[in-house]
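In what follows, a structure is listed as C-alpha cells, so that the remarks can point back to it.
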Amino acid sequence: MLIGRMKVIGWGAALGATMLVAACGGGGDTATKATPAASTGTAAAATKAAGLTVDMGKNDKASLTGAGATFPAPVYQAWFDDYNKKVATGVRVNYQSVGSGGGIQQFTEKTVDFGASDAPMSDEELKKAGADTVHIPTVLGSVTAAYNVDGLTAPLKLDGDILAKIYLGTITKWNDPAIVALNAGQKLPDAKILVAYRSDGSGTTYVWTDYLSSVSADWKSKVGVNKNPNWPVGQGGKGNEGVAQVVQQTKNSIGYIELAYASANKIAFADIKNKAGKFVTPSLASTTAAGAGVTLPADYRGSIVNGDGDATYPIASFTFLLVRQNAAKCDTAKPLVNLLWWAYHDQGAQATAKSLFYATLPDAVQAKVDTTLKGLQCEGKAILPAS
C-alpha cells in the first residue's frame with residue numbers, strides 16, 4: 001500500500017476519555033449549493049475593538065457539554081483543551097463524539113449546551129429543534145477515498161463516476177477498464193473491491209453522498225443524499241475510525257474517511273478528478289481552495305462539494321456548531337460564545353486547526369460569523385459587546 005506521502009499528526013488527545021465514539025444516525029436532506037463570491041482568504045485577525053479580545057472569557061467558570069460530529073472532533077478537542085489550559089482555567093468542555101445525527105438529537109432534546117453536525121439540519125429537523133436554532137460554521141474539512149491496494153507506485157486516481165459505481169456495486173474489480181484508464185502505468189490487481197462505509201449514520205456520510213449525488217445521476221436517483229442511506233454494497237464501520245480500521249485490515253478495500261483520520265493512520269488515499277478536470281490530492285491547500293470564493297446562504301446551510309477551480313478538492317465541506325439564538329442561561333451561554341470568539345480569532349487556535357488539516361474560514365464567511373456571534377443572546381440580553 002502506498003503511504004509515502006502520508007504525514008502523521010498528533011491528535012491522540014482528540015480521542016480522549018471525554019469523546020465517546022458511538023453511533024447515532026439521521027435522515028436525509030439536501031443542502032443549498034453555495035455560490036461563488038469575490039472575497040477569499042483565511043480567518044480574520046484578532047479583534048480588539050469594543051472590548052472584543054481573544055481572552056475576554058479568561059475569568060469565566062463553566063462546565064459545558066456538547067455532542068455531535070466525529071469529522072471535526074480532533075480540532076474541537078484540541079481547541080477545548082487549549083482554551084482551558086491557556087485562557088480560561090475555569091471553563092471545561094465535555095464533547096462527546098457521537099456523530100452528527102446524535103448531536104442533532106441531543107441538541108433538539110436540550111441535553112447539551114451545543115450540538116455539532118457536518119450536515120446542515122433539514123427543515124424537518126429544524127422544526128423539531130426550534131426556530132431559535134443557529135448554525136455556525138467552524139472549519140472546513142475534506143473526505144478522502146482511502147484505499148488498501150498493494151503494488152501501486154503512485155497515488156490512485158479516481159473520479160466521481162467511478163466512485164459512484166463502486167459504491168453502487170456496478171464496478172466490482174480493481175482492474176476494471178474505467179479505473180485502469182485513469183491509472184496508466186499502474187498494475188491494478190484482478191481482485192474484488194471491498195467497499196467500506198459508515199454504519200452509524202453521520203455527517204461524513206452526508207458529505208460523501210452529497211458529492212456522489214452531485215456527479216452521478218444514477219446515485220442521486222437510487223440512493224441520494226443522506227446521513228444514513230441504504231447502502232447497495234459493502235461493510236460498515238462505526239465512526240471515521242471504524243471505517244479506517246476496516247480499510248487498514250482488509251486488502252483491496254476502499255472507504256471514505258476524513259482527511260485527519262486517514263493521515264494520522266497512514267492510510268493511502270486517492271487523487272480525485274475535480275469539476276475542472278484536474279486530479280487533486282486532498283490537503284489543507286485544496287480544502288482551503290474548496291472554501292474560497294463561496295457565499296453561504298443566510299442560515300449557512302449550504303453545500304460546497306464539486307466546487308469550481310483548478311486547485312479545488314471536490315469532496316469538502318464546512319462543519320457546523322448548533323447553538324441557540326437566545327439561550328436560557330447566561331452562565332453557560334456566555335462562556336461558550338467567549339470560547340468560540342477565541343477559537344476564531346486567536347492565531348494559535350487557527351494554527352492548530354491547520355496543523356490538523358482543517359481549513360479555516362474564508363474572510364467573507366468569518367466576517368459573517370462574527371456578526372452572528374454578536375447577535376447571540378442569553379436571557380434576552382446580548383452576550384458580546386456591540387462594535
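Where a number appears in this text, it was derived from the coordinates with a stated rule and is not lab data. Because the structure is predicted, anything quoted here is derived from the model rather than measured. Cβ sites come from the backbone with ideal geometry, for glycine too, and all protein chains shown count toward neighbours.
Computed from point charges on the beta carbon alone (+1 for Lys and Arg, -1 for Asp and Glu), the dipole magnitude for the chain about its Cα centre is near 340 Debye.
Neighbour counts of other Cβ atoms within 10 Å put 294, 98 in the fewest-to-most order 294, 98.
The value obtained for the chain, namely the Cα convex hull volume divided by the number of residues, is 117 Å³ per residue. When you restrict to C-alpha pairs under 8 Å that are six or more residues apart and normalise by the size of the chain, the relative contact order lands at 28 percent.
Within a Cβ distance under 12 Å of residue 194, other residues only, what is the Lys/Arg minus Asp/Glu net charge? Surrounding charge for residue 194 is +3.
Cβ under 9 Å from residue 178's Cβ, residue 178 left aside: what net charge do those residues give with Lys, Arg +1 and Asp, Glu -1? If you can, show how the numbers build up before the last one.
On the way: positive: 165; negative: 159, 161, 176.
That works out to -2.
Its alpha carbons considered, the range 231-387 gives a radius of gyration followed by a Dmax of 18.7, 57 Å.
How much length is gained if the chain between residue 192 and residue 276 is pulled fully straight, taking 0.36 nm per residue apart and subtracting their Cα-Cα distance, in nm to one decimal? Full-extension gain reported as 27.2 nm. The value obtained for the range 143-296, namely the Cα convex hull volume divided by the number of residues, is 113 Å³ per residue.
Secondary structure note: in the chain, about 55% of the DSSP beta bridges are antiparallel. Bridge orientation summary for the range 143-296: considering DSSP beta bridges with both residues in this region, about 55 percent are antiparallel.
Helix screen, the chain: DSSP H segments with Cα axial length of 15 Å or more and mean Kyte-Doolittle hydropathy at least -0.5 are 203-215, 239-249, 330-345, 363-375.
How much net charge surrounds residue 91 when only the other residues with a Cβ under 10 Å from the Cβ of residue 91 are counted, with Lys and Arg +1 and Asp and Glu -1? List each step's numbers first, then the result.
Numbers: positive: 58, 61, 92; negative: 60.
It works out to a net charge of +2.
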